[in-house]
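**Student:** Here it is: the structure, laid out below.
Read-outs: derived from the displayed coordinates by stated rules, not from any lab. Keep in mind that what you see is a predicted model, and the values were worked out from it rather than measured. Note that each Cβ is placed from the backbone with ideal geometry, even for glycine, and that neighbours are counted across all protein chains shown.
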Amino acid sequence: MKIQNIENDLLLKALKQEKTERYPIWLMRQAGRFLVEYRKVRETAGSFKGLLENPNKAAEVTLQPVSILEVDAAIIFSDILVVPESMNCNYIMEEKKGPYFPETIRNNEDLKKLQLPDLYKSNLRYTLEAIEITKEKLQNKIPLIGFCGAPWTIFAYCTEGSGSKTFSVAKRILYQDPEFAHQFLDLITDASIIYLKGQIEKGVNVIQIFDSWAGILSKEDFEIWSLPYIQKICDSIHEVPKIVFAKGANFSLNKINRINCDAIGLDWNVPIEFSKTQINKTTQGNLDPCLLYADRNYLNKKVNEFLDSLPTNHIVNLGHGLYPDTPRENVIELVKLVKNYIKK
Ligand code: CP3
């Protein structure tokens, strides 16, 4: 493991299953639209992609939640879709709609257009430079989290061509052309490993793999089309701790528990008591992002009940990303409640 002396090492300790005096907290999508400061910088950058591809501005928005919310970790501002772009599968981020891929990848012929990324010639260089700048500014005060999408989730976007409720195009391909599907998943896996190694080289202290669409697969299919590829990524990364968040794959938590990762992300559908029967590693997440719409009293009560129910090693986070209309005072309050809670 790569050793760096980080002042606030609560997250790193929790990942090593060491005792911590309190629970660490960071939030998925902590750098995002719920912060007016984010929206301002994004405006000066012109667009979401303009922000992604401006390393100074990307570093700036990465650091906003660190000073505004005082969370225990920063996560580099980027997107999981930079990986397919680096392979030559480009996307457009449409305002209020989400990602759109003008050219989908649906068969072996399409696959020929793709390549493994060159870290320093492709778009990935912007995020790598943003990591470098962010690390310099953080001065080792808190850890920086790097990330990528899980191969299945990237496959789902590139084949479907956009977001979807069912991802039935993506799933159809698994059944109709399994050979192509495995080849494409293999290529995304190799590209993701190259990208994560690049992030580690630039100084990220932890990595998280986001499998946002794990839950649209059956248990059987998740264990064929997603988990083995996540496992391959985890088996290739030895330098930093790894968090796997497979949203909706609660049917396979015991299997995720067996792969070579350090923590497992939980969405809000899984009862924390059930997770304790499935997992003996550090857990993360589980709070419903909608709880942050509640009034102060309710928030206080629910967060304290939640903290009372946690296992010894847990990283406080939501069960998915913060929504853009979340009241910021409540997010600040959540962080305070977690910091003031005395562990039993
Ligand atoms: O967590 C963080 O603060 C770091 C930044 C981050 C973003 N995207 C910024 C972002 C991370 C870790 C992601 C990961 C990501 N991106 C995932 C996995 C996590 C999840 O949410 O399930 C996925 C599926 C994507 C793909 C993606 N990016 C979609 C579907 C969208 C559109 C939906 C939306 O919220 O608008 C994005 C855009 C995006 N990525 C935004 C941000 C802050 C909003 C874009 C904007 O500023 O207009």
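**Student:** Find out how many positive minus negative residues lie around Glu273, taking Lys and Arg as positive, Asp and Glu as negative, among other residues whose Cβ is under 13 Å from that of Glu273.
**Tutor:** -1
**Student:** If we count every other residue with Cβ under 11 angstrom of Arg125's Cβ, Lys/Arg +1 and Asp/Glu -1, where does the sum land?
**Tutor:** Around Arg125, the surrounding residues sum to -2.
**Student:** May I pose another question? Round to a whole angstrom and tell me the spacing of the C-alpha centers of the range 200-244 and the range 87-138.
**Tutor:** Between the Cα centres of the range 200-244 and the range 87-138 lies a distance of 18 Å.
**Student:** Then there's this: Given the chain, report the % of alpha carbon pairs whose separation exceeds 26 Å.
**Tutor:** More than 26 Å apart: 47 percent of the Cα pairs in the chain.
**Student:** Ok, one more. One quarter of the convex hull surface, Cα atoms only: what value does that give for the range 1-95 in nm²?
**Tutor:** So the Cα hull casts an average projection of 8.0 nm².
**Student:** Given the options Phe147, Tyr298, Pro84, identify the residue whose Cα lies farthest towards the positive end of the charge dipole of the chain (+1 on Cβ of Lys, Arg; -1 on Cβ of Asp, Glu).
**Tutor:** Tyr298
**Student:** Please order Glu201, Glu7 by the number of other Cβ within 10 Å, starting at the fewest.
**Tutor:** By the 10 Å Cβ count, ascending, the order reads Glu7, Glu201.
**Student:** Using the Cα gyration tensor of the range 83-124, with a ≥ b ≥ c the square roots of its eigenvalues, what is the shape: rounded (a/c below 1.5), prolate (a/b larger than b/c) or oblate (neither)?
**Tutor:** It is oblate, given that a/c is not under 1.5 and a/b is not larger than b/c.
**Student:** Rounded to whole Å and sorted largest first, list the principal axis extents of the Cα atoms in the range 225-334.
**Tutor:** Ordered largest first, the range 225-334 gives principal extents of 44, 29, 26 Å.
**Student:** Within a 10 angstrom radius of the beta carbon, how do Asp295, Asp186, Asp72, Asp79 rank from fewest other beta carbons to most?
**Tutor:** Exposure proxy ranking, most exposed first: Asp295, Asp186, Asp79, Asp72.
**Student:** Between beta-carbons, use under 15 Å as the cut-off and find the net charge around Glu329, counting Lys and Arg +1, Asp and Glu -1.
**Tutor:** -2
**Student:** Turning to a different aspect of this structure: Which value, in Å to one decimal place, does the Kirkwood hydrodynamic radius take for the range 43-173 when every pair of different Cα atoms is included?
**Tutor:** 16.0 Å
**Student:** Among Lys247/Lys344; Lys135/Lys336; Lys96/Lys197, which pairs are too far apart, with a Cα-Cα distance over 27 Å?
**Tutor:** Lys247/Lys344; Lys96/Lys197
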